[in-house]
Number of protein chains: 4
Amino acid sequence: MSCVAELATTRAADGPAPAQAFAAGSPRVLVAGATGFAGALAAHLLWRHPRFELVAVTGRSEVGRRLDDLYPRYRVPLQIEQLDLDAVGPLDAAVVAYPHAAAAPAVAALRDRDARVVDLSADFRLASLATYERWYGRHPQPALLAEAVYGLTELHRAAIADAGIVANPGCYPTASLLGLAPLARAGLVADVVIDAKQGISGAGRTFDETTHQSMAGENILPYKVAEHRHTPEIEEQLQLLRAAAGASDELAVLFQAHLVPLDQGELADCYVTTTRRVEDAELAELYAAAYADEPFVEVVGAPPGTRDVQETNYCRVFAKADAHSGKVVVLSAIDNLWKGTSSQAVQNLNVMFALPEAEGLA
Amino acid sequence: MSCVAELATTRAADGPAPAQAFAAGSPRVLVAGATGFAGALAAHLLWRHPRFELVAVTGRSEVGRRLDDLYPRYRVPLQIEQLDLDAVGPLDAAVVAYPHAAAAPAVAALRDRDARVVDLSADFRLASLATYERWYGRHPQPALLAEAVYGLTELHRAAIADAGIVANPGCYPTASLLGLAPLARAGLVADVVIDAKQGISGAGRTFDETTHQSMAGENILPYKVAEHRHTPEIEEQLQLLRAAAGASDELAVLFQAHLVPLDQGELADCYVTTTRRVEDAELAELYAAAYADEPFVEVVGAPPGTRDVQETNYCRVFAKADAHSGKVVVLSAIDNLWKGTSSQAVQNLNVMFALPEAEGLA
Amino acid sequence: MSCVAELATTRAADGPAPAQAFAAGSPRVLVAGATGFAGALAAHLLWRHPRFELVAVTGRSEVGRRLDDLYPRYRVPLQIEQLDLDAVGPLDAAVVAYPHAAAAPAVAALRDRDARVVDLSADFRLASLATYERWYGRHPQPALLAEAVYGLTELHRAAIADAGIVANPGCYPTASLLGLAPLARAGLVADVVIDAKQGISGAGRTFDETTHQSMAGENILPYKVAEHRHTPEIEEQLQLLRAAAGASDELAVLFQAHLVPLDQGELADCYVTTTRRVEDAELAELYAAAYADEPFVEVVGAPPGTRDVQETNYCRVFAKADAHSGKVVVLSAIDNLWKGTSSQAVQNLNVMFALPEAEGLA
Amino acid sequence: MSCVAELATTRAADGPAPAQAFAAGSPRVLVAGATGFAGALAAHLLWRHPRFELVAVTGRSEVGRRLDDLYPRYRVPLQIEQLDLDAVGPLDAAVVAYPHAAAAPAVAALRDRDARVVDLSADFRLASLATYERWYGRHPQPALLAEAVYGLTELHRAAIADAGIVANPGCYPTASLLGLAPLARAGLVADVVIDAKQGISGAGRTFDETTHQSMAGENILPYKVAEHRHTPEIEEQLQLLRAAAGASDELAVLFQAHLVPLDQGELADCYVTTTRRVEDAELAELYAAAYADEPFVEVVGAPPGTRDVQETNYCRVFAKADAHSGKVVVLSAIDNLWKGTSSQAVQNLNVMFALPEAEGLA
């Protein structure tokens, strides 16, 4: 893949660590933490991917069990192994699906062997170490932060292309930022409230009162009121976008999350107080321009249901001015496990290895 | 029903208090429109009510079918009849569960016979005829508006006690207003965004793409963006509350509704920009004071799931200051068909007939 | 309650240990194991029951937490305690909601204090100790078996009335036996296959792959093929019914269970090979006669959905001859947690204390 | 595709009308009736199929609307047209997704133009005209029956390969027959009861009480007791299989269907009385041998949940002897819309056009 090599070269001078170009044949990829929902889906997508070779799936539990026994629908006929980088052979890339704090050491070990990493945890999403430590405690690998690129593909495609570490966004930030980016970039966001809802898969392979069908079913459950960890991630990225439009003030986002009784699906409703009056015609132009060339963002003319994008890498965005209140409402729908997590990881891998961005995702 | 006029008289002297006790025997009640979800549940609650006599259930369709055949779970063994006020005999009260515009003429006919009415439609909810006609078109019975009291029991108990027409609130206004009232009454609401979600029963006995399990299931569906009819109802009531605290400016509410895949349950998230900084301690006091004596509003210390109040007349309210954004988040959970509609109608009937407010609802 | 005393007297000669009549006032009842679904619902029903006094709820976990915190909808404002029969004061009765083997010792301790017990476990359901031990291992209290009455109210009402221990049936046997009893009693059952389905609440407050919404949802899950523990319970009771009609041969039931993605509801489809040709007219007579006086069994003319009986103590039974195959199909629908478990326990308590059988259950 | 031409030749002598080999390039396919669930999914699968060209989607309603507006998830960007065979150009094949009786005339018109047809209706499933007319009334095109092959791929692959009309099986027969075929072919089926359950998508794009989420949710609904139209289809095919083993007696199947609250998934439980005692070891051999070379039938060692095969063309089969009753239990799980309908149609098209059988289905 000469283009990747080139990218790696041009990038070497000014960026984080040079990415490794893969040898002839398909890039060899590992999924670490394949027993959880995110890792299992990443393994599924990579297994059926025409261009990557999934060489191993590892887990911190269920070792020895086959992944297609644990997740029959995903049909990945590999045995779950313990992570052993010596045994796994040469690696071009890895998806790390560990909880925060556990991820960073695994990422470091993979980087030591020159594998490029898409990390699904929160460990490398925040550029600011101080912000990270306020929310998550001590960072296990602060030195690697400089090497990480925020993996919302649509916002950082170029940097992702030759990043050593791609910090895959949280599902809430993915939906929220794709909804807000066109307004933020235009300097129009003065204030924003985000009310997000997602299916129970968002709670992961966790067995407790939030996931038991007789408790989660027939329920709408708001959680983490005024304390959601996704806020700083959204704010930091919004700040970058707004700064490009000249804004220097800080924006305090109010974000509220909910679980609703379905499996996969997520909707972020963004209520934006704009810096000046915005009409529907301007919104239409702004969003069309922002996403005209994006393969996975669809600006739609009617409120999107999450079912419309279930099991796809698409994000559907709908923006409308509310003449009555003067605010703008932006609705952004994704599949929390796909574009919100695992298929975006594959989208990023495609970008990182200079493959067609939609390869394996259509 | 001379008793209503009398009540108005006797009551005038000292305020809410003495509602008229009904004559010997139980008040005779009719449910008009019992084939829909709201009317059927009202019939169920009145049928099992120890103090009311449900004398007839009527429908504009399904005439001749038994209600317990249409709704087996509700176990009301009455035949659905066509509405015929001559045939039904003396009536003390009626619940009218018709669509807007169809309701007003039925209410008028019932008032002509002195039956007191709880109307579940939007026809009498707005005091302002102009506002009504902006949203719904020509009002069929504008003369009756003066006789109507807004039936959010907790806000208008005294007036409900001897009203001829009680305009039962919409489910969204019920949840929203119970969440916002303490803040509004204290003059603290400068701006509010309401994001509300409810189960599919909110779409009623409607057979289409919004209710088909294979379309409504696994979906989160936002609807009526920037055009929801419940907005004026919320605004008018909020204005009354704020005016009591001296506010004279108008408040433009931004309200957004969603359907989520469950049957009964509703959550309103109210994002309030306050007129001054408010801390949790003040919120705790404010809400405790507002609802200490309310039998059906519970101020809770953790975010309420809608399942907690399913098939009850309770509203659970949770308020929290978000230090980060400076806003206040109020969550209000109800069962959209119970407190949001039919059990609140019974609560109002209890008040109207001077019965213990929780009678038949515990 | 003189009638209970009388019953106890008449029974003393020929039955298990005499039941204790309760003193003036309401019988004092304890629920042991109130943290699980069955115990919590039993506590709810007894708390709102007009004639019993729920004196304590105990748990083997969650001690100190309030039951209405664990199960908000049930609204039982009691603290979960450790089981301490010395501390709890005089008891007239108890519902024991423990797993099998753990239940028997608790039942024994309660019997030592003359409390009458409804046991929800399998420990006392089988009259045959040998059968019990084949399925469950060593019985902890074999001596108490003689004192136990099988608590399918409709089959053993008289014996339940003065039993010391009522072994509340499993939910599957409840639905199956109510469906089959009229045929069995008439000597018409030559062979039977039972295919039963129930909601996820049937798995109880268990947190694992069978209850996680993202695994249990969108799934139909058959389990325990050719090994279900409810088989002997069904067979033993069927044998009693068939023996009354002169049958002496043994009947081997094939029973198959499934979990389907709803909360509460259970349907048993019984496919009966009859001893002779049976037509619909005879079935209609047979079932009408069998259940004409039963307050909680409804013979219906159309296939019953489980939703029709959700959150009720009713069982709906539908029987139809299949002219094509010559077999009879009997469908029996209950709420697995209500008639299948906890409301049947209350029905039994009503019978045991000579209260109207539907008290607290309507 | 010379092999198809060859097949057509070898077949011409002894079978129905010769099938048309398609010209250079991809076979051109039409989906008639693409507005329903089955047709829409067939269109989706053909649209993304690497070897077929989907040239048009037609509907008897929704004409002019885009299919990806009606079914966003399927992403087929074609406009729904009225069926006009003159306008559509040359066709190699068509999938007809019409109701029975409406399908046959469309099939006839397509055959007139030499298009090969996979018909999803019941019109050509029964070889016996008499049986068809007993269940469905007058057959609109009895002359075409001779040309039709029953499209359960695993049973009739060779005949399907060059059939002019493939009668795609019903979803219930698909699951049932794949479960029973190995036993039937070995002459082991003496009697069988089938209890089948499927998700709400099985009711199709029908808007009524069986599909409304507030009625279908939290429900298990048995339907068509002792009268299910799928019985003769199952019986006719079973008879063919049993006859091969020498059985000449007729078998009367008892089949019972249920709707359960999920979207896509179907389980058939087959309770088989065998002609002689059968043990697990023999079952294991029998099923392994039957399906060893089948790409889409998986013999599994644990009871299959329908979720395991959701949105796949796989059928999972599990067979177990019940030593207690002497019967054999066979569980067969499919996705009712995929292997039960539309993906099996594509599997058949692959066979008809000599493509790899799994093409477009993996």
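What shape does the stretch A:224-265 take by its C-alpha gyration tensor, where a ≥ b ≥ c are the square roots of the eigenvalues and a/c under 1.5 counts as rounded, a/b above b/c as prolate, and the rest as oblate?
Numbers: a/c = 4.05, a/b = 2.23, b/c = 1.82.
In terms of gyration-tensor shape, prolate.
May I have the convex hull volume per residue, in Å³, for the Cα set of the stretch B:94-204?
Working: hull volume 13.4 nm³, N = 111.
Hull volume over Cα atoms, normalised by residue count, gives 121 Å³.
For chain B, build the charge dipole from Cβ charges (+1 Lys, Arg; -1 Asp, Glu) around the Cα centre, then report which of B:G33, B:N219, B:A163 sits farthest towards its positive end.
Farthest along the dipole direction, towards plus: B:G33.
Using Cα atoms only, what is the angle between the long axis of helix C:37-47 and the major principal axis of chain C, expressed in degrees (0 to 90) to the nearest 10?
In chain C, helix C:37-47 runs at an angle near 60 degrees to the longest axis.
Taking the Cβ of C:V299 as the centre, find all other residues whose Cβ is under 11 Å away and add up their charges (Lys, Arg: +1; Asp, Glu: -1).
-2
What is the diffusion coefficient of the stretch A:134-188 in µm²/s, taking the Kirkwood radius over Cα pairs and the Stokes-Einstein relation at 10 °C with a viscosity of 1.306 mPa s?
Value of D from the Cα-based Kirkwood radius: 124 µm²/s.
On each of the three principal axes of the Cα atoms of the stretch D:26-71, give max minus min coordinate, whole Å, ordered largest first.
28, 15, 15
Quick one: grab the alpha carbon gyration tensor of the stretch B:208-310, order the square roots of its eigenvalues as a ≥ b ≥ c, and give me rounded if a/c is under 1.5, else prolate or oblate depending on whether a/b is larger than b/c.
Cα axes put the stretch B:208-310 in the oblate bin.
Along each of its three principal axes, how wide is the spread of alpha-carbon positions in chain A, in whole angstrom units, largest first?
63, 55, 39
Express the Stokes-Einstein translational diffusion coefficient of the stretch A:106-167 in µm² s⁻¹, to the nearest whole number, given a Kirkwood radius over alpha-carbon pairs, 10 °C and a viscosity of 1.306 mPa s.
Numbers: Rh = 11.8 Å.
In µm²/s, the coefficient is 134.
What's the percent breakdown of Cα-Cα distances in the protein assembly as shown across 20 Å bins, shortest bin first?
With a bin width of 20 Å, the distribution comes to 9, 34, 38, 18, 1, 0.
Take the stretch B:152-269, compute every pairwise Cα distance, and split them into 10 Å bins from 0; I just need the percent in each bin.
13, 39, 31, 15, 3, 0
Could you please rank D:D208, C:D293, B:D123, placing first whichever residue has the fewest other Cβ atoms within 10 Å of its Cβ?
Going from least to most buried by this count: C:D293, D:D208, B:D123.
Between copies, how far apart are the B:D84 label points? List them in nm, one decimal, shortest first, with each point 7 Å from Cα toward Cβ, please?
5.3, 6.8, 8.6
Around A:G33, under 13 Å between beta carbons, what's the net of Lys plus Arg minus Asp minus Glu among the other residues?
Surrounding charge for A:G33 is -2.
Give the span of the stretch C:184-242's Cα atoms along each principal axis, as three whole-Å numbers ordered largest to smallest.
Cα spread of the stretch C:184-242 along its principal axes, largest to smallest: 45, 19, 18 Å.
Please tell me which of these pairs span more than 29 angstrom C-alpha to C-alpha: A:K339/B:K339; A:K197/C:K339; B:K224/D:K339; A:K320/B:K327; A:K224/C:K197? Before the final figure, lay out each step's value.
Working: A:K339/B:K339 38 Å; A:K197/C:K339 36 Å; B:K224/D:K339 38 Å; A:K320/B:K327 23 Å; A:K224/C:K197 36 Å.
From A:K339/B:K339; A:K197/C:K339; B:K224/D:K339; A:K320/B:K327; A:K224/C:K197, over 29 Å: A:K339/B:K339; A:K197/C:K339; B:K224/D:K339; A:K224/C:K197.
Can you give me the pair-distance distribution of the stretch D:286-362, C-alpha pairs, 10 Å bins, whole percents?
Once binned at 10 Å, the Cα pair distances of the stretch D:286-362 give 19, 43, 28, 8, 2.
Local charge sum around C:G64 (other residues, Cβ-Cβ under 14 Å, Lys/Arg +1, Asp/Glu -1)?
Taking every other residue near C:G64 into account, the sum is -2.
Neighbour counts of other C-beta atoms within 10 Å: give me D:H228, B:H100 arranged from fewest to most.
If I rank by nearby Cβ atoms, fewest first, I get B:H100, D:H228.
Under the rule of -39500 (n - 2.57) per DSSP H run of 4 or more residues, summed and divided by the residues of chain A, what mean residue ellipticity at 222 nm is obtained, to the nearest 500 deg cm²/dmol?
The helix-only estimate for chain A comes to -9000 deg cm²/dmol at 222 nm.
A short reminder: the numbers here are calculations on the coordinates, not readings from a lab. Note that the coordinates shown come from a computational prediction; the quantities given were computed from them, not determined experimentally. Glycine also receives a Cβ, built like all others from the backbone with ideal geometry; neighbour counts cover every protein chain displayed.
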